[in-house]
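This report refers to the structure that appears directly beneath it.
The values are calculated or read from the model by the stated rules, or taken from the named source; none is laboratory data. It should be emphasised that the depicted structure is a prediction, and the values quoted were computed from it without experimental measurement. Cβ: placed from backbone, ideal geometry, glycine included. Neighbour counts: every protein chain shown. The area values use the complete protein model at the heavy-atom level, side chains included, leaving out ligands, DNA and RNA. Shrake-Rupley method; radii C 1.70, N 1.55, O 1.52, S 1.80 Å.
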Amino acid sequence: MGELKAGFANGRGLAALGAVLGVLVVVSFIFGLFLMPLGSAMGGAAGSDDSILSGPSPLVFAGVVLGGYIFAGAQAMGFTIAGGTLSVLFILAWAVICTLIWVVLKRFFKVQRDDTNLVAHLVRTVLEALAIGLVTSILFGFWRLRLVAPLDGGDLSFDNLGSLSMGPGFFHIFLNVTFFVGITLFFTRKFLPASWKDNKFVAELLTGAREFVQAHAVLFAIFAPFALILGIVFFAKTDGVSVTLVLPLLANIIIWITGMCFFGGFSVGGSMMDMFGSGGSYGGSGTAMIWNFHPIAAVIGFILAIVAIIAMAIHIGARRTRTGSIQWARIWQMPVIGLLAWLIVGLWLSNVTMHMFGESASLGMSWWTPFTVAILGLFLASLLAEILPEALVDTPLLPLLAGKKTAQAWRQQPAPVQAAPQQQYGYGNGMQQGMNAPQGPQNSAQYNQYPQGAAAPYQQEFGSQYPNQGYQPPAQDPSGSADNQAEPPYPPQDSSPQQ
């Protein structure tokens, strides 16, 4: 309880929670405006072109943004005769919400990260997230939008025979808000425990996660314009779907298109399939590849994939330690983290599921797409990250793709030098080969490795205290003159008296 008391002692804790709630309301309202045509699209199946929406549409679709869920139920004379649901996580909206929460807490409330009182802070974060989730669910979870549609006869209408009501799900709002706000609050205030980072395996995974984020910032920046164009074209050609839906679904579309450019697929299945094809020509289900859009789109997509691999490799390679050779031990982390992320976010969270009036449909990436992205994209980028920065060290591509400061810091690291084998004179070894061998003596003390008493026999024989095992005394001059005696070879002798 000490963590909670400290957080709310001066009122700043409540103010921070109020700011978080404000971010949720503002962002959900903005994105909800782009979803409003979805109400007409869902109600059009039950009414006519004269259908009238009655109710607080901004509040309803703000709740749909937060919950990623909308249901519609047609009622007649008190009985529910048909209904439908649509489920999709609006990834872009939640990315904006989490980023703004982090910025607001850091800039306006000066929140600092630490790794103390981890359990107490975890309890505090859970309680705060639950409170915000409950308040948000009450604000947006109970609003309903009523659709009144005159019947063809003109004498009766849904207003007196029945009505179609739609709205967000209370539980879905509570679950999403609690999870995403809780994760954001925790990592805004706390570091991971230092003991985790001391574990080699955990440290490697954290490094892979950091490289994953850096690589995907580059990857999605490259594919975002291309995905936006394809999304607009696709929605414009689809009957009954508004182009305004592209913005709330933009992050989902980027994920789908990116996967397709790495030989992934986009699968559509269910009895509502004909809404998204050409009159149901796919026979109720099917998988589209990037070349099914247009051959030119496929060529552009594959070119962007190659550019993305090179850009990711340079971007993350310049942030690794410069070694001059491939370090296999640091290649596997990013592809593994990437595969897990694409399985969770791409294959599960980004997909769209609909159930409407007895019909169903599902849209999203094919099951093999995360594997092709991880192998053809992330693994190749991680491998080339060991090669390309060194190969492009003197080119303008390095600062362009890695950043000027990062490139400058990487260039200032000692360049790896493959030194030629050197000869070393040792004791009884003749010579030693290798880069790590000392290049000659640095001082006379280098050779003074023997006890002082052990040097006496050699000193008497050679006039020096330095033994040279395996050395044969020079031949004496026949005249016996000491002046004609040969000098000992390298290393140089120190004739100073012993201390």
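Scoring 105-118, 247-260 by mean Cβ neighbours within 10 Å over their residues and listing the highest first yields 247-260, 105-118. With θ taken as phi - 60° and the Karplus curve 6.51 cos²θ - 1.76 cosθ + 1.60 applied, the whole-hertz 3J(HN,Hα) list for the range 307-317 is 4, 5, 4, 5, 5, 5, 4, 5, 5, 7, x Hz, x standing for glycine and proline.
Anisotropy class assigned to the range 284-350 is oblate, per the alpha carbon gyration tensor with a/c at or over the 1.5 cut-off and a/b no larger than b/c.
Per 0.36 nm of contour for each residue apart, how much would the distance between ILE232 and LEU14 grow if the chain were fully extended, relative to their Cα-Cα spacing? Don't skip to the answer; put the middle values down first.
Working: separation 218, 0.36 × 218 = 78.48 nm, distance 4.20 nm.
Residue separation times 0.36 nm, minus the Cα-Cα distance, leaves 74.3 nm.
The relative contact order of the range 319-384 comes to 41 percent, based on Cα pairs under 8 Å that sit 6 or more residues apart.
To the nearest whole percent, what portion of all C-alpha pairs in the range 302-410 is separated by more than 22 angstrom? Can you show the working numbers first?
On the way: 2584 of 5886 pairs.
Cα-Cα pairs of the range 302-410 separated by over 22 Å account for 44 percent.
When only alpha carbons are used to place a centre, the range 299-338 and the range 377-417 end up 10 Å from one another. 3J(HN,Hα) along the range 252-267: 4, 5, 4, 5, 4, 5, 4, x, 5, 6, 10, 6, x, x, 10, 9 Hz, from the Karplus curve 6.51 cos²θ - 1.76 cosθ + 1.60 with θ = phi - 60°, whole Hz, x for Gly and Pro.
Ignoring any ligand, DNA or RNA, what whole percent of the accessible area of the range 313-387 comes from carbon and sulfur when the probe is 1.4 angstrom? Numbers along the way, then the final one.
Details: 2380 of 3220 Å².
About 74 percent, which is the carbon plus sulfur part of the accessible surface.
Ranked from largest to smallest solvent-accessible area, with a 1.4 Å probe on the protein heavy atoms, HIS172, HIS294, HIS121 come out as HIS294, HIS172, HIS121.
In order along the range 121-138, the phi-based Karplus estimate (6.51 cos²θ - 1.76 cosθ + 1.60, θ = phi - 60°) of 3J(HN,Hα) comes to 5, 4, 4, 4, 5, 4, 5, 5, 5, 5, 5, 5, x, 5, 4, 5, 5, 5 Hz; Gly and Pro are listed as x.
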